[in-house]
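Everything below concerns the one structure shown next.
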Amino acid sequence: MTGSTTDPVGATRGRLPRHVRSGSASDWICRGRLSTVRRWGIFDGVAMQEDVVIRLVRRPGHYVVATRPIALVWPGNRVTDQLMEDVSSAFALGKQRTSGQDIEFAVNQLVEIAIRALSPGVNDPFTAMTCVDHLGSALCRLAQRDMPSPYRHDSQDQLRVITPVFTFPDVTDAAFNQIRQYGRSSTAVTIRLLETIAVVVGSVHRSADRVALLRHAEMIARGAREGLPEDEDRREMEEHFQSANQLLSEPPDSNR
């Protein structure tokens, strides 16, 4: 954790902060996988007590490198040894990822099964399609949930904590990217991906989520046009792409 002399909200918009080192980072952090945040509430309490803003730059599932910050504090001149100890005590490091607070890990497990099934030595598109079905079901549930804001305020509406959060587009990327890349030469898997997007769109209500689904549908179609050698397979793929594209172009209420 380091102090930052810049506006923390501005830093999230891309301005590089100037870090104020508050002691040796190696004294309180080691390398490993950030498995959980054991006490989320401690950030709010410390931020209010010390009248600072804390920005977490790593989230559960990220790999933490020794001496690299996992949190920034503004203003930096208020960082104390006790504040560092309190904040660092909220994190738990481990050797492996866990699914408790890391939704992407659970998604990656299904993706791993799918791309292994698509390897030339296995060539099992049915297993890959089953994984796509489960991923689509998870995305439907996620699309209907309210996404948490990265900004946490105190009772006086003062910004206190900025946290990295998962978004629907983030999870969609994790779910579709690698399967699309490895399955571009499989007609069955390509069509199942497009069918899944057509199903998921019926659950989305945020414009950013629809944009994410459309982006993936377009990438799937582009890859398949290059990866599928048979004209008839490409024609069938195009039909499914156009169906998904039409659903994505309709107002949300018309899909329900």
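The values are calculated or read from the model by the stated rules, or taken from the named source; none is laboratory data. Since we're looking at a predicted model, the values are computed, not measured. Note: ideal-geometry Cβ built from the backbone for every residue, glycine included; neighbour counts use all protein chains shown.
All but one of (1) within 26 Å of Pro169 (Cβ to Cβ); (2) surrounded by fewer than 20 Cβ atoms within 10 Å (Cβ to Cβ); (3) at pLDDT below 80 hold for Gly94, so report the exception by its number.
(1)
With the condition kept exactly as written, say whether any residue in region 125-148 is surrounded by fewer than 14 Cβ atoms within 10 Å (Cβ to Cβ) and hydrophobic (A, V, I, L, M, F, W, C).
The answer is yes; a qualifying residue exists.
Looking for whichever is in contact (Cβ under 8 Å) with a residue 40 or more places away in the chain, over 17 Å from Val46 (Cβ atoms) and of a type in the set (S, T, N, Q) here; the options are Thr167, Thr163, Thr127. Which one fits?
Thr167
One line per residue, one yes/no per condition, for (1) in contact with a Leu (Cβ under 8 Å, 6 or more places away or on another chain); (2) in the same structural domain as Cys131 (by TED's automatic domain parsing):
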position: Asp157; (1), (2): no, no
position: Thr187; (1), (2): yes, yes
position: Asp209; (1), (2): no, yes
position: Ser243; (1), (2): yes, yes
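Yes/no per residue for (1) farther than 30 Å from Ile191 by Cβ; (2) among the aromatic types (Phe, Trp, Tyr):
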position	(1), (2)
His62	yes, no
Trp74	yes, yes
Leu83	yes, no
Ala106	no, no
Thr130	no, no
Ser137	no, no
Cys140	no, no
Met147	no, no
Arg152	yes, no
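Return the residue satisfying two criteria in turn: it lies in region 102-157 and is touching a Gly at 6+ places or on another chain (Cβ under 7 Å) and not in a helix (DSSP H, G or I), and of such residues it is farthest from Pro60 (Cα to Cα).
The selected residue is Leu118.
Right, Ile179: of a type in the set (A, V, I, L, M), surrounded by 14 or more Cβ atoms within 10 Å (Cβ to Cβ), in contact with a His (Cβ under 6 Å, 6 or more places away or on another chain) and assigned to a helix (DSSP H, G or I) or not?
On the way: of a type in the set (A, V, I, L, M): yes; surrounded by 14 or more Cβ atoms within 10 Å (Cβ to Cβ): yes; in contact with a His (Cβ under 6 Å, 6 or more places away or on another chain): no; assigned to a helix (DSSP H, G or I): yes.
Taking the combined requirement at face value, the residue does not satisfy it.
With the structure loaded, tell me whether Arg152 is crowded, with 16+ Cβ neighbours inside 10 Å, outside the structural domain of Arg234 (by TED's automatic domain parsing) and either on the phi < 0 side of the Ramachandran plot or charged (D, E, K, R) (or both) or whether it fails that test.
yes
Using the structure shown, decide if Phe105 is under 26 Å from Val161 (Cβ atoms) and hydrophobic (A, V, I, L, M, F, W, C). Steps first, answer last, please.
On the way: under 26 Å from Val161 (Cβ atoms): yes; hydrophobic (A, V, I, L, M, F, W, C): yes.
Taking the combined requirement at face value, the residue satisfies it.
Being within 30 Å of Ser185 (Cα to Cα) and surrounded by 18 or more Cβ atoms within 10 Å (Cβ to Cβ) is the requirement here; does Leu118 meet it?
Against the criterion (within 30 Å of Ser185 (Cα to Cα) and surrounded by 18 or more Cβ atoms within 10 Å (Cβ to Cβ)), Leu118 qualifies.
For (1) part of a helix (DSSP H, G or I); (2) basic (Lys, Arg); (3) surrounded by fewer than 19 Cβ atoms within 10 Å (Cβ to Cβ), each residue gets a yes or a no:
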site: Ala188; (1), (2), (3): yes, no, yes
site: Val199; (1), (2), (3): yes, no, yes
site: Asp209; (1), (2), (3): yes, no, no
site: Glu218; (1), (2), (3): yes, no, yes
site: Arg225; (1), (2), (3): yes, yes, yes
site: Glu232; (1), (2), (3): yes, no, yes
site: Glu236; (1), (2), (3): yes, no, yes
site: Glu239; (1), (2), (3): yes, no, yes
